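Reading through the structure tokens given below for one structure.
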Amino acid sequence: MDGVLLDTERLAVAGWVEASASYGLDVPYELALQTVGLDKWQSKALLTQRMGSDFPYDEVRDLRNSLTKRMILTDGVPVKPGARELIGLLRSRDIPCAVATSTQRLRAVDLLERSLMISEFQSVVCVEDVEKAKPAPDIFLEAASRLGVPPESCIVFEDSGPGLLAAHRAGMIPVLVPDIGVVADEVRRLAMVICESLTDAIPLVDDATRS
């Protein structure tokens, strides 16, 4: 969802930097970038390891969430180029779709509702729905199960390293749509296709799903 359908990763990363500064702390932008694709427990482990065990993660995260929510209330939810068009194509072909996100359900549903996208998906699988977050395959396997589709028939659009690893481990077809996060070369190689945006993915999906 974040970074693929919705252009929210930029808000989140900037929010980490601004929120930590409010506490007199300096979380470098490059460190904040490394939280992309991680759930809250993984990002907490990363930030406390790098910033020290006394880093007030929960307080900074709460402030970051407030800052990003304020931006969204003011400017709306930014949708990534090609997202609505790609979903429209899939709907026209009766191809089921799910969101599988490391974001917690309350926030995920709120963003999808605000972007008027939630009705486009047969299922929304969030981090609370599985035992292990990305890069474990659990969240994608759960999404496939809910759609009634075998994993090997699923295409996964991902922008992050943990997401690509999870898709690969689930035995699915990983497509990388790069956003702001850095994906290591050895992980990028797991992608069957790399598209600069979902707009670029439309003709590929069109060809693959044409009856």
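Could you check the stretch 71-119 and list, in sequence order, the residues that are polar (S, T, N, Q), free of Cβ contacts under 8 Å to residues at least 12 places away in the same chain and closer than 23 Å to residue 172 by Cα? Don't jump to the end; show me each part of the working.
The first filter runs over the stretch 71-119 and keeps only residues polar (S, T, N, Q), leaving 74, 92, 101-104, 115, 119.
Next, from what is left, pick out any that are free of Cβ contacts under 8 Å to residues at least 12 places away in the same chain: 74, 92, 119.
Answer for the stretch 71-119, where residues must be polar (S, T, N, Q), free of Cβ contacts under 8 Å to residues at least 12 places away in the same chain and closer than 23 Å to residue 172 by Cα: just 92.
The test for being within 20 Å of residue 203 (Cα to Cα) and either surrounded by fewer than 20 Cβ atoms within 10 Å (Cβ to Cβ) or aliphatic (A, V, I, L, M) (or both) holds for residue 97. If the condition is being more than 28 Å from residue 199 (Cα to Cα) and under 18 Å from the mean Cα position of the chain (by Cα), then the stretch 1-45 contributes 16, 31, 40, 41, 42, 43, 44. Among the residues of the stretch 60-79, those that are surrounded by 13 or more Cβ atoms within 10 Å (Cβ to Cβ) and farther than 17 Å from residue 119 by Cα comprise 60, 61, 63, 64, 65, 67, 68, 69, 71, 72, 78.
Restricting attention to the stretch 27-42, the residues being assigned to a helix (DSSP H, G or I) and in contact (Cβ under 8 Å) with a residue 12 or more places away in the chain number 7. Put simply, of 158, 142 the only residue that is within 12 Å of the chain's Cα centre (by Cα), outside the structural domain of residue 45 (by TED's automatic domain parsing) and either on the phi > 0 side of the Ramachandran plot or at pLDDT 95 or above (or both) is 158.
Checking each residue in the stretch 122-169 for being among the acidic types (Asp, Glu), surrounded by 19 or more Cβ atoms within 10 Å (Cβ to Cβ) and over 26 Å from residue 206 (Cα atoms) picks out only 138.
Of everything in the stretch 24-49 that is farther than 11 Å from residue 61 by Cβ and among the hydroxyl-bearing types (Ser, Thr, Tyr), the residue that is surrounded by the most Cβ atoms within 10 Å (Cβ to Cβ) is 48. With respect to the stated conditions, residue 24 fails to be outside any helix (DSSP H, G or I) and touching a residue at least 12 places away in the same chain (Cβ under 8 Å).
Take the residues of the stretch 1-21 that are aliphatic (A, V, I, L, M) and assigned to a helix (DSSP H, G or I): which is surrounded by the fewest Cβ atoms within 10 Å (Cβ to Cβ)? Across the stretch 1-21, the extreme among qualifying residues is 21. Name the residue that is nearest to residue 25 (Cα to Cα), counting only residues in the stretch 43-80 that are in a helix (DSSP H, G or I) and polar (S, T, N, Q). Among those residues, the one meeting the criterion is 48.
The values are calculated or read from the model by the stated rules, or taken from the named source; none is laboratory data. The structure presented is a predicted model; accordingly, all values stated were derived computationally and were not measured. For neighbour counting, all protein chains shown are included, and Cβ atoms are generated from backbone atoms with ideal geometry for every residue, glycine included.
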